[in-house]
Amino acid sequence: MVLVGCASDQHPLYKDASANIESRVEDLISRMTLEEKILQLNQYTLGVNTVENNFGEVVKDIPVEIGSLIYFSDHAEGRNAMQKKAMEESRLGIPILFGHDVIHGYRTTYPIPLALACSWTPELVRRASEVAAQEAYACGVNWTFSPMIDVARDPRWGRVMEGFGEDTYTNAVFCEAVVKGYQGDDMSEKNRIAACLKHYVGYGASEAGRDYVPTEISDQTLWDTYLPPFEAGVKAGAATLMSAFHTISGIPASANHYILTEVLKDKWEHDGFVVSDWGAVEQLVIQGMAENEKEATMLAFNAGVEMDMADKMYQKYLSELLDEGKIDLKQVDEAVRRILRVKFRLGLFENPYVEEKTESEIYLLPQSLEIAEQAAAESMVLLKNEGSLLPLENVGTIAIIGPVANDKAQHLGNWGARARVEDVVGIIQGMNEEFAEKSKILTAPGCDFEGNDKSGFAEAVRIAKASDVVVVCLGHKGSWSGENQSRSTIEIPAIQEELLAAVEATGKPVVVLVTTGRPVELQRIEKKADAILQTWHSGVRAGNAIAGLLSGRYNPSGKLAMTFPYSTGQIPIYYNRRKPARTGDQGIYKDITSEPLYPFAHGLSYSTFEYGKLTLSAKELKENEKIYAEVSVKNTSKLDGFETVHWYVCDPYSHITRPIKELRFFEKKRVKAGETEIFRFEIDPLRDLGFVNRKGDKYLDKGEYRIMVGDQSVSVYVK
Ligand code: BGC
């Protein structure tokens, strides 16, 4: 194949927008010096992630030839100034790729990803990601380090907030939605940014829920549980991936040739690039794999990490490693090729600068806020509603108590990109607006998030007594979740439970709002609450969504994407476990229940639904035939509502035992009061009944399979 056609020095092919990307990449590589190539493989950081950066001062020592910059001023102006240096002061004028962590919105902050998964509405998440991309793009971001699709089953791990919960399929579906939202069909269009699937792979298996620690993952589990969301993201066109910090059964993810090259590049044919997580290259020394920084560089590079984030190891050692014959030039060219390909696909050579707009033109646009409220309302999960206490209709006085009640900042959660407290509608504001004409609102915080100070209890009890219903707002601070935020217990701090006890003693009906970034232990709280709404950290419109759900303006439709254990000691606990060797009273805890308090997919509505009989279009099928499973769902209430039907499969007997059930499809539909909707699952035998072996090849056993929905199951036989 002749790729370099009409290159000339005056009109180099790589600058010709009409030429195809591959030939432009080859032309550019053929012109680059080794030093220029190596600089492309490095991502520098501005270090300080603030608006106040003195941009000129900070960037003065940054080589204009670097591949990428992470964290920069949120003024497009400063970013454009740096880009101008790259375009005009570097020999070849290669644009810089500007990266930033945009995890759940840029300035218009959306619910945390774990919450978004509970909406079971990928289209809404795609739209939220599109807004995030649009705001980020306007500030000069080309590349975000999201989505995080680490299947996570240990809520002690702070990073459970960043992913889509405990289930593999759920992570895969939302991954596709986010990638499409950021990248669209063509990344070179305005308002599009490149996605980065992270953390490749298995980071969620962190032992004991601690960050950066090793994981033990068998090949079977790697393929069954952790790899599929990444495969889905690659298929959806994700431009890049981030290699993770942890070791996988002894081999650090950032020096893991098997996952980075054999799986990602050879098997899945991903042609974008892999960036290391922050400092993950030099950390290979701490992890005990490399003896020194140079060896770490060699191991990461040879394994298939193309760009080095922040630690400058590649810049320092790649050239020496080349001289020593420990890496070869072809590999350097291939790494550069992958990075340039992404830059060309983003259209950066043609449009290196962004238009400088005012804040009001970019942020918090009415439609963006509408999505924020809808996403928050659909993500919140009604866990309990005894005696149909909710919605609150015709209530004279409502007391709003608890540390979250008037603390708007916590709704932003962790990993806010440009999140600002003043953008948030908190609970009290939301309730005042919602109930303005209907109810009187009294408020008192009662206590702080933690500590022993009970001096606010008396006032809280006083207003509870003066009210008809008490809303107790408990939870975790936003900063208690996220990276490096592991907790040994998932309890709500004792002081908050004591406040609840004091309020409950008044005998008033109690609604508990739980605002956290992880599943928490609610066993004691549950006994003291008539209703519980899990609100998560739900972003700038949290207060409107909460108030709308409490008033009945919204009918709750969220369902849990992660199990709520009965107690911390049950962890790890998740729905798709394998069968035990003994049943009955064997192998269960002797001191507490072995069941979770709220299982995966639990979530109530103000409507009531009745499932009809599960039917199958055929009882037997061949490998290439599709069949359908159907179930009717009747709304037996007087209120329109949304129901999400979760379809599971199980292979009851298999030479590699399978989980008791695995989610294979879900669908959320509006079901009008008194009406019936048919939900249908189209079963493709290999895709839905088959499973992967230890090498990642899908296969289908002959024999019986079970299809499950709710508590019903039917069998289908593969001939
Ligand atoms: C995190 C990544 C993040 C990166 C850049 C790391 O510490 O693990 O998730 O994208 O920093 O901020």
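Observations on the structure shown:
- The residue pairs whose first member lies in region 552-581 and is in contact (Cβ under 8 Å) with a residue 60 or more places away in the chain and within 20 Å of HIS646 (Cβ to Cβ), whose second member is of a type in the set (Asp, Glu) and not in a loop (DSSP other than H, G, I, E, B), and whose beta carbons are closer than 7 Å, counting only pairs six or more residues apart or on different chains, are SER557/GLU378; GLY558/GLU378; PRO565/GLU521; ASN576/GLU662.
- Hey, ALA244 of a type in the set (A, V, I, L, M) and either within 15 Å of the ligand (Cβ to nearest atom) or farther than 30 Å from GLU130 by Cβ (or both) or not: yes
- Residues in region 342-364 that are open to solvent by less than 50 Å² (accessible area, probe 1.4 Å), on the phi < 0 side of the Ramachandran plot and part of a loop (DSSP other than H, G, I, E, B): LEU346, LEU348, PHE349, PRO352, VAL354, TYR363.
- Residues (small (Gly, Ala, Ser) and within 12 Å of the ligand (Cβ to nearest atom)) located in region 147-161: GLY158
- Residue check, ALA409 more than 16 Å from the ligand (Cβ to nearest atom), open to solvent by less than 10 Å² (accessible area, probe 1.4 Å) and not hydroxyl-bearing (Ser, Thr, Tyr): no
- Residues in region 84-103 that are open to solvent by less than 10 Å² (accessible area, probe 1.4 Å) and within 16 Å of the ligand (Cβ to nearest atom): LEU97, PHE98, GLY99, HIS100, VAL102.
- Residue within region 171-191 that is part of a loop (DSSP other than H, G, I, E, B), open to solvent by less than 10 Å² (accessible area, probe 1.4 Å) and either at pLDDT below 95 or away from the ligand (no atom under 14 Å from the Cβ) (or both) present: no
- If you go through region 7-47 and keep only what is closer than 22 Å to PHE98 by Cα, at pLDDT 95 or above, of a type outside the set (Gly, Ala, Ser) and assigned to a loop (DSSP other than H, G, I, E, B), you end up with MET32, LEU41.
- Matching residues in region 432-487 - criterion: being within 20 Å of GLY209 (Cβ to Cβ), open to solvent by less than 70 Å² (accessible area, probe 1.4 Å), out of contact with any Lys or Arg (no Cβ under 6 Å at 6 or more places or on another chain) and away from the ligand (no atom under 16 Å from the Cβ): GLY475, HIS476, LYS477, GLY478, TRP480
- Residue list for region 192-217, restricted to those being open to solvent by 10 Å² or more (accessible area, probe 1.4 Å), within 16 Å of the ligand (Cβ to nearest atom) and of a type in the set (A, V, I, L, M, F, W, C): ALA205, VAL213
- Among residues that are in contact with a helix residue (DSSP H, G or I) (Cβ under 8 Å, 6 or more places away or on another chain) and either more than 16 Å from the ligand (Cβ to nearest atom) or of a type outside the set (Val, Ile, Thr) (or both), ARG345 is included.
Residue by residue, here is whether (1) under 30 Å from the mean Cα position of the chain (by Cα); (2) in contact (Cβ under 8 Å) with a residue 12 or more places away in the chain; (3) open to solvent by 10 Å² or more (accessible area, probe 1.4 Å) holds:
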position	(1), (2), (3)
VAL275	yes, yes, no
GLY279	yes, yes, no
LYS294	no, yes, yes
MET298	no, yes, yes
GLY304	yes, yes, no
ASP311	yes, yes, yes
GLN315	no, yes, yes
LEU321	no, yes, no
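- Within region 218-238, if we keep just the residues that are open to solvent by 10 Å² or more (accessible area, probe 1.4 Å) and assigned to a loop (DSSP other than H, G, I, E, B), the residue that is farthest from the ligand (Cβ to nearest atom) turns out to be SER218.
The values are calculated or read from the model by the stated rules, or taken from the named source; none is laboratory data. The model shown is predicted, which means the values in this text are computed figures rather than measured ones. All Cβ positions, even for glycine, are placed from backbone atoms using ideal geometry, and neighbour counts span all protein chains on display. Heads up: the accessible areas ignore ligands, DNA and RNA and are worked out on the full protein's heavy atoms, side chains in. Shrake-Rupley method; radii C 1.70, N 1.55, O 1.52, S 1.80 Å.
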